[in-house]
Amino acid sequence: MSKLPPRPPPCLRCWFAVGLIAAATVASFVYLGIDYRALGSAESLRLMGKFIAEFFPPDVSPDFLAKVGNGALQTLAVSALGTVLAAIAGAVLALPASGRAGWLPRHVARFVLNFLRSVPELVWAALMVLAAGIGPFAGALALSLHTTGVLGRLFAEALENAPREPEHALTLSGAGPVSAFSYASLPIVLPQWVAYTLYRWEMNIRMAAVLGFVGGGGLGQLLYFHLSIFQQQQAMTVLIAMFVLVTLVDFASARLRRGLGPAYA
């Protein structure tokens, strides 16, 4: 009868980390002082039920559905334009950020990418509304600025992990640096870049719907307007349109990513 392998020694650092997380969670509940008993009281549940009931039935009048459809197209356009601009800018910044242009350009590009993605989209949207005015253009700019930081970092990491031997071989054969990169490294990382861009587009379609709350246009602006004047039935129609739009974009993006191969699906 074979002996069982010896039990590994207890991970003291793991238990210490779990204890810190548990203590921080308990301290957060105590510090916030939220009365969860009042949240689940009969009066609170009655008021929440009354508020939810005001959203039904949704407004399905032809005029309002046409307005919602226009807002959905605007939201889709904002997310697509912001993602395309970010993919182009992220690819440009990824080249120096991956260390291909030396030490100083690498750190400057990484600083720019870190700064762009450290500022949330809503903050960028508030700034772009002041710069470009209320409307979808401000929302597209806000999405592109934040997404440039995210995609640029992902693109740079993909370039760093790509093998450099094919590019070096073309360079030694007399090819220029641009040609060597275009025919050797770019085909390796391009499917991954496209997959990252499509995945980020899924996230941007959701964020584009939220940016309307700060003047970014689209469905978010419609939702904010109707909620602010207590038109819950119209707001429910906008919420349903958001769900349908996000579902369709998620499905289309997943299909496109599966077409790139199992590694990127």
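Some points to look at:
- Qualifying position, being under 21 Å from the mean Cα position of the chain (by Cα) and among the charged types (D, E, K, R), among 121, 165: 121
- Residue tally, condition surrounded by 22 or more Cβ atoms within 10 Å (Cβ to Cβ), of a type in the set (A, V, I, L, M) and closer than 18 Å to residue 115 by Cβ, over the range 147-178: 2
- Spans of helices (runs of 4 or more DSSP H) in the range 158-265 with at least 3 residues within 30 Å of residue 120 (Cα to Cα): 186-211, 218-228, 232-259
- Unmet criterion (only one of (1) closer than 17 Å to residue 152 by Cβ; (2) under 15 Å from the mean Cα position of the chain (by Cα)) for residue 112: (2)
- From the options 33, 69, residue that is modelled with pLDDT of 90 or more and of a type outside the set (Lys, Arg): 69
- Some residue of the range 123-138 being outside any helix (DSSP H, G or I) and over 22 Å from residue 225 (Cβ atoms): no
- For the residues 144, 41, 118, 61, the requirement of being at negative phi and either of a type in the set (Asp, Glu) or crowded, with 23+ Cβ neighbours inside 10 Å (or both) singles out 144.
- Counting only helices (runs of 4 or more DSSP H) that fall entirely inside the range 23-98 and contain at least 1 residues that are closer than 30 Å to residue 149 by Cα and over 21 Å from the mean Cα position of the chain (by Cα), the qualifying elements are 62-97.
- The lone exception for residue 129 - which of (1) in contact with a helix residue (DSSP H, G or I) (Cβ under 8 Å, 6 or more places away or on another chain); (2) within 16 Å of residue 217 (Cβ to Cβ); (3) surrounded by fewer than 20 Cβ atoms within 10 Å (Cβ to Cβ) it fails: (3)
The values are calculated or read from the model by the stated rules, or taken from the named source; none is laboratory data. Note that the structure is predicted; figures quoted are calculated from it, not measured. As a convention, Cβ positions derive from the backbone with ideal geometry for all residues, glycine included, and neighbour counts pool all protein chains shown.
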